[in-house]
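Following: one structure in structure tokens, then a few remarks.
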Amino acid sequence: MENQKVLVLENITKVYPGVVALKNVSIDFEKGKVHCLMGENGAGKSTIARILTGLRIPDEGKVYIDGVDAVKDKRAYQKVAYVPQELDLFGSMTVAENLFMPFGKSGSKSMFVNNRDLNKRAIPFLEKFQITANPSDIVEDISVSEQQLLQIARAIVFQESEIVMLDEPTTSLGLQDVERLFKVIHELKKDNKAVIFVSHKIEEIFTIGDEITVLSNGEKVAHSKIEDTNIQQVMQQMTGRDIDLTLTFYPEKISDEIVLEVENLCGERFADVSFKLRKGEILGFAGLVGAGRSEIAQTIYGYLAAAKGKVKLYNRNYRLGNVSKSVKSGIVYLPEERRSQGIFSILSVKENITLPLLKQIIGEFTFAAKKETTIANQVVKEYDIKTPSLNKEIQFLSGGNQQKVIIGRSMLGKPKIIIFDEPTKGIDVGAKLEIYKLMKKLADNGVSIIVISSELEELFKCANRVISIYKGRKVEEFETSESGIKDIMHSILGLSKNKS
Amino acid sequence: MGEPSKAKSIFNAIRKNKMTNIFLVFLFLIIIASIFSPYFMTAYNIRSQAREFAFLGIVALGQACILLLGEIDLTVGTTSALCGVIAGIFMVRTNFNPFIIFILILILGAFIGFINGALVTGLRLNSLVVTIGMVGILNGVNLTITKGQAVLNIPESIYFLGKGSLGPLPMPFVIMIVVLVVVMIIVKLTRLGRYMYAIGNNRETAKILGLPVTPVRIFAFSFAGMLYALAGLIMIARLGTAQPSIGSEWALNSIAAGVIGGISLVGGIGNPLGAIIGVAIIIVIQNIIVLFGVSPYLQTAVSGIVVVAAISFDSITNMVSQRKKRLTKLD
């Protein structure tokens, strides 16, 4: 009989400066199975990814790929196809070019690249991976979900890969696209590949997984068949504590005072959006990725230009289009793309916290270094940010802690309206709850909040009202206490009967 | 903790500092030069080198501010030359107090920088492309005004800025030190400076946070332009004539100095003091080439080789130290 265990990690230990990333971890991965890895940020998932792909060599332990000791024979790593979380395609090249890059692997030995030939040969692969784009389309022009699928296709196509590792593949996918991805994963299973599926979304794991391994603080805390466990148990294993799924975080008391009134706002990729935001309220924006939710928020914030429409802030007419003015007026926008829009990666935690506030902290020209440190320290303490030191470059913090830095520094300016764009994207369950609690605390203190989220459960937990957005237009408004999650889902999919 | 540990931590900080390597290269070059050439350590040579140092130093500090933002400025020497000849013409042909002209020309330099900055920010153009174009324009204006001829009879009242000394130090060198202090204060101590690092690191984040991105970028170009004009002015004070062709090598040398000194070309990383050490290395190399009697035809090649070697040295020591770090973690 053929050996089913195509990939074996044996007693892996990996130490980074200051932290033990993996402690004596052993995992077996079998052919034709979807093996899910779960764990909070910093639990060691990405270290496993690096070890499986040969980017890092374990300090102790063995990696067997198809029976070969991969540390000794590096060629074995070629059997592992890794699909990273972030898109890293060549945006201005065609779908087919991306699929076959580097061209040598396409089987063509020729020095010249024949586009027509490439396009023709791409078609069967695109079909297999449920990609509807044409081979000659420019990658930047196709949808994010298609790009994600293309990335998976590219990783698998020409390598003799037996093992496919998907790192949070659904982060930026809408509901329908997740289903499409799952179909692709089923195909992979049929081809007898071992699929390693890393995700924070626990429901997905129970839909697609066969086996599950839970990591916590670099240690393997549990491994079982998916049918032998349940959501509650896995969450507890991940966080080491019980989490009540039915908890809600929306503020109970809301004043009638309206702080923001938007009327027929039009802009890039959306039109005729009107809504009101009350003081101390959490308002949710629901919609698929690309529906225009972020664009609406960024336009109100002044980052994108508005085409037309009226906005009243605190009952006074407000002219859009200037970020600095918005900040001064008490509006804060926390971007979805933390790395590219939220943090200064190579600056320290301290600098990241104090930057927007320098004017208040210091005089016009010189620094009051002590005061700066004090303020940064307060923020780190108040928001429970885990960092070895204030001077650590922020890029070395986990996603949840980076998000807390961003929230903490925004609070320093005492904002009145905060727009959270996907506040828990790429953040693990435990840290998510902390962020929900934080939002509720802010709302209870009279801050008005707009939350944009692709996770409907998240909106149901946190928002008083939810506005559904479909193809750049507002569809309906829901009171979360009086509506069901299904109604909103229909609405954001454009299936709603009573389109307003 | 006692004194020794503090001394040790300071020592460690020095060892880890990026500029230390580059400074060691500088010391090494000085030792080589002193051993092999009896003229190198003479007071005359050092003073004249310090004067050379000053010009490239001043413009390199301007360039450093721009590199920190992740931009690049090729108008360095051309701005200096144009400002120099315009200053010369006004000083010779009008009765204005030369020092008032001096101030006006500094403003002119800042204005040229402002145009660069406005084009880069307003039209979202690439600074490399904009400044390539500007070099052509400034040069054209320069040659049209001067027809390639030097402006003679610069008033002697400003000579002290170029030819004078303060104690043992040549005046241009003193001015450069003042500029260095000013730049260091701006970059390291002020809000503006912190914004510069932030914008160089991630312009999108800076925009979303509502930092004054455009004003800071325009400021950097204008401030640099002013420093280029300053270098041009001191140059005419030193030569006693306004030459239309000064500073032809400053653009590339100022960028090289910044890179040698550890300023990242993608922005956000580095220290203007590093650029000054970079300038020192370039000046010493050029001096060595002359003192050792290298054929003038080979001079640019030799100085190119040494620049590449200096950058490689820094990169290699980095790789070695990182590797060492990894190995020590294994036990």
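The values are calculated or read from the model by the stated rules, or taken from the named source; none is laboratory data. On a predicted model such as this, the values are computed, not experimentally measured, just so you know. Because the Cβ atoms are built from the backbone with ideal geometry, glycine has one as well, and the counts that use them run over all protein chains shown. Each accessible area value is taken on the protein alone, full model and side chains, heavy atoms only, with ligands, DNA and RNA left out. Shrake-Rupley method; radii C 1.70, N 1.55, O 1.52, S 1.80 Å.
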Filter result (at pLDDT below 85, β-branched (V, I, T) and out of contact with any strand residue (DSSP E or B) (no Cβ under 9 Å at 6 or more places or on another chain)) within the stretch A:200-243: A:I231, A:I243
Taking the conditions exactly as written (of a type outside the set (F, W, Y) and at pLDDT 90 or above), does B:I276 satisfy them or not? yes
Of all residues making up the stretch B:281-307, the number that are modelled with pLDDT of 80 or more, surrounded by fewer than 13 Cβ atoms within 10 Å (Cβ to Cβ) and under 25 Å from the mean Cα position of the chain (by Cα): 3
Pairs, first under 15 Å from A:T171 (Cβ atoms) in the stretch A:195-209, second small (G, A, S), C-beta under 6 Å, six or more apart: A:I205/A:S199
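So that you can scan it fast, the table gives a plain yes or no per residue for (1) within 30 Å of A:K325 (Cβ to Cβ); (2) within 14 Å of chain A (Cβ to nearest Cβ); (3) free of Cβ contacts under 8 Å to residues at least 60 places away in the same chain; (4) of a type in the set (A, V, I, L, M):
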| site | (1), (2), (3), (4) |
| --- | --- |
| B:L119 | yes, no, yes, yes |
| B:M134 | no, no, no, yes |
| B:G140 | no, no, yes, no |
| B:P155 | no, no, no, no |
| B:I158 | no, no, no, yes |
| B:L161 | no, no, no, yes |
| B:G164 | no, no, yes, no |
Note on the stretch A:47-76: residues away from every other protein chain (no Cβ under 14 Å) and surrounded by fewer than 19 Cβ atoms within 10 Å (Cβ to Cβ) are A:T53, A:G54, A:K62, A:Y64, A:D66, A:G67, A:V68, A:D69, A:K72, A:D73, A:K74, A:R75
Name the single residue that is farthest from the chain's Cα centre (by Cα) among those in the stretch A:288-301 being more than 15 Å from A:C266 (Cα to Cα) and surrounded by fewer than 20 Cβ atoms within 10 Å (Cβ to Cβ). A:G290
Does B:V181 satisfy being within 24 Å of B:A275 (Cα to Cα), surrounded by fewer than 20 Cβ atoms within 10 Å (Cβ to Cβ) and either of a type outside the set (S, T, Y) or at pLDDT 95 or above (or both)? yes
Tally time: how many residues in the stretch A:319-334 are more than 27 Å from the chain's Cα centre (by Cα), over 16 Å from A:R409 (Cα atoms) and within 9 Å of chain B (Cβ to nearest Cβ)? 2
Based on this model, can you work out whether B:P172 counts as within 23 Å of B:G278 (Cα to Cα) and either without any contact (Cβ under 8 Å) to a residue 60 or more places away in the chain or surrounded by 23 or more Cβ atoms within 10 Å (Cβ to Cβ) (or both)? yes
Yes or no: B:A310 away from chain A (no Cβ under 14 Å), at pLDDT below 80, farther than 30 Å from B:S157 by Cα and surrounded by 22 or more Cβ atoms within 10 Å (Cβ to Cβ)? yes
Quick check on B:T78: is it among the polar types (S, T, N, Q), crowded, with 24+ Cβ neighbours inside 10 Å and part of a helix (DSSP H, G or I)? yes
Any residue in the stretch A:299-308 that is away from chain B (no Cβ under 14 Å) and closer than 25 Å to B:P215 by Cβ? yes
For the stretch A:335-437, please list each of the helices (runs of 4 or more DSSP H) lying entirely inside it that holds at least 3 residues being more than 10 Å from chain B (Cβ to nearest Cβ). A:349-354, A:369-382, A:399-412
Is one or more of the residues making up the stretch A:410-422 within 17 Å of A:T171 (Cα to Cα) and open to solvent by 10 Å² or more (accessible area, probe 1.4 Å)? yes
With the condition kept exactly as written, say whether any residue in the stretch B:71-92 is free of Cβ contacts under 8 Å to residues at least 24 places away in the same chain and not aliphatic (A, V, I, L, M). yes
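Let's see how each residue does on (1) open to solvent by less than 30 Å² (accessible area, probe 1.4 Å); (2) modelled with pLDDT of 85 or more:
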| residue | (1), (2) |
| --- | --- |
| A:Y82 | no, yes |
| A:A96 | yes, yes |
| A:F100 | yes, no |
| A:S106 | yes, no |
| A:N134 | no, yes |
| A:I142 | yes, yes |
| A:P169 | yes, no |
Select, from B:M226, B:M171, the only residue that is more than 13 Å from every other protein chain (Cβ to nearest Cβ) and touching a strand residue (DSSP E or B) at 6+ places or on another chain (Cβ under 8 Å). B:M171
Quick one: in the stretch A:200-220, of everything that is out of contact with any Cys (no Cβ under 7 Å at 6 or more places or on another chain) and assigned to a loop (DSSP other than H, G, I, E, B), which residue is most open to solvent (accessible area, probe 1.4 Å)? A:N217
Just to be sure before I move on: is A:L149 assigned by TED's automatic domain parsing to the domain that holds A:H186, assigned to a helix (DSSP H, G or I), surrounded by 15 or more Cβ atoms within 10 Å (Cβ to Cβ) and modelled with pLDDT of 85 or more in the structure I sent? yes
If you check A:F275, A:F197, A:F285, which single one turns out to be surrounded by fewer than 21 Cβ atoms within 10 Å (Cβ to Cβ), in a strand (DSSP E or B) and in contact with a strand residue (DSSP E or B) (Cβ under 6 Å, 6 or more places away or on another chain)? A:F275
Do you know which of the residues in the stretch B:313-331 that are in a helix (DSSP H, G or I), farther than 23 Å from B:I255 by Cβ and among the charged types (D, E, K, R) is modelled with the highest pLDDT? B:R323
Within the stretch A:480-490, identify whether any single residue is assigned by TED's automatic domain parsing to the domain that holds A:S274, within 24 Å of A:Q176 (Cα to Cα), buried (at least 23 other Cβ atoms within 10 Å of the Cβ) and polar (S, T, N, Q), and answer yes or no. no
Restricting the stretch B:287-299 to residues that are of a type outside the set (V, I, T) and touching a helix residue (DSSP H, G or I) at 6+ places or on another chain (Cβ under 6 Å), the one nearest to B:L27 (Cα to Cα) turns out to be B:N287
If you check A:L304 against the conditions, is it assigned to a helix (DSSP H, G or I) and either within 28 Å of the chain's Cα centre (by Cα) or outside the structural domain of A:V405 (by TED's automatic domain parsing) (or both)? no
From B:P212, B:P168, B:P155, residue being out of contact with any Lys or Arg (no Cβ under 7 Å at 6 or more places or on another chain), under 15 Å from B:L69 (Cβ atoms) and not hydrophobic (A, V, I, L, M, F, W, C): B:P212
